[in-house]
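The values are calculated or read from the model by the stated rules, or taken from the named source; none is laboratory data. Note that the structure is predicted; figures quoted are calculated from it, not measured. When we count neighbours, we look across all protein chains shown, and the Cβ atoms used for this are built from the backbone with ideal geometry, even at glycine. Only protein heavy atoms, including side chains, enter the accessible area calculation; ligands, DNA and RNA are left aside. Shrake-Rupley method; radii C 1.70, N 1.55, O 1.52, S 1.80 Å.
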Amino acid sequence: QVQLVESGGGLMQAGGSLRLLCSASGSTFSLLTIAWHRHAPGNQRALVAVVTRVGTTTYSDSVKGRFTISRDNAKNTAYLQMSSLQPEDTAVYYCQAQYTLQPKWWGQGTQVTVSS
């Protein structure tokens with residue numbers, strides 16, 4: 001069983017930066033594909049960024065060029081560096097992990113609020 005704990009969320013003014021962390025336990029972290037999703041009020045949960053076990057990254061169009069996903073396998077931790085934050089980035093951000101072709105695991109989420 002994979003346990004995921006997100007941290008690093010908070011309140012930030014527009015234009016600022018935050019770094020989210022996703023700490024994993026109970027896993028072979030290096031074999032996991034890690035994704036960040038977000039869920040804003042009134043919207044469906046949306047995929048933000050993905051980093052595969054070999055380090056390939058993909059981003060949604062809404063965050064491309066502003067957010068960077070990365071991982072440190074030695075620390076069993078993934079990161080989402082968010083820059084040039086906008087009010088529309090306000091959401092609960094969730095970390096998701098998955099071994100290839102296996103069920104997905106989710107963290108509890110961390111709130112990010114961006115004020116204008």
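Worth a mention:
- Filtering region 59-77 to residues that are assigned to a strand (DSSP E or B) and either small (G, A, S) or loosely packed, with under 14 Cβ neighbours inside 10 Å (or both) leaves S70, D72.
- Residues in region 15-28 that are in contact with a strand residue (DSSP E or B) (Cβ under 8 Å, 6 or more places away or on another chain) and closer than 12 Å to N73 by Cα were compared, and the one that is surrounded by the fewest Cβ atoms within 10 Å (Cβ to Cβ) is S25.
- For W105, the criteria (1) open to solvent by 40 Å² or more (accessible area, probe 1.4 Å); (2) part of a loop (DSSP other than H, G, I, E, B) hold in every case but one, which is (2).
- Residue, farthest from the chain's Cα centre (by Cα), within region 1-13, restricted to residues that are surrounded by 14 or more Cβ atoms within 10 Å (Cβ to Cβ) and over 16 Å from R38 (Cβ atoms): V2
- Residue that is farthest from V114 (Cα to Cα) [pool: residues in region 78-93 that are open to solvent by less than 10 Å² (accessible area, probe 1.4 Å), part of a strand (DSSP E or B) and in contact with a Leu (Cβ under 9 Å, 6 or more places away or on another chain)]: A78
- Region 1-56: number of residues that are small (G, A, S), outside any strand (DSSP E or B) and within 11 Å of R71 (Cα to Cα): 2
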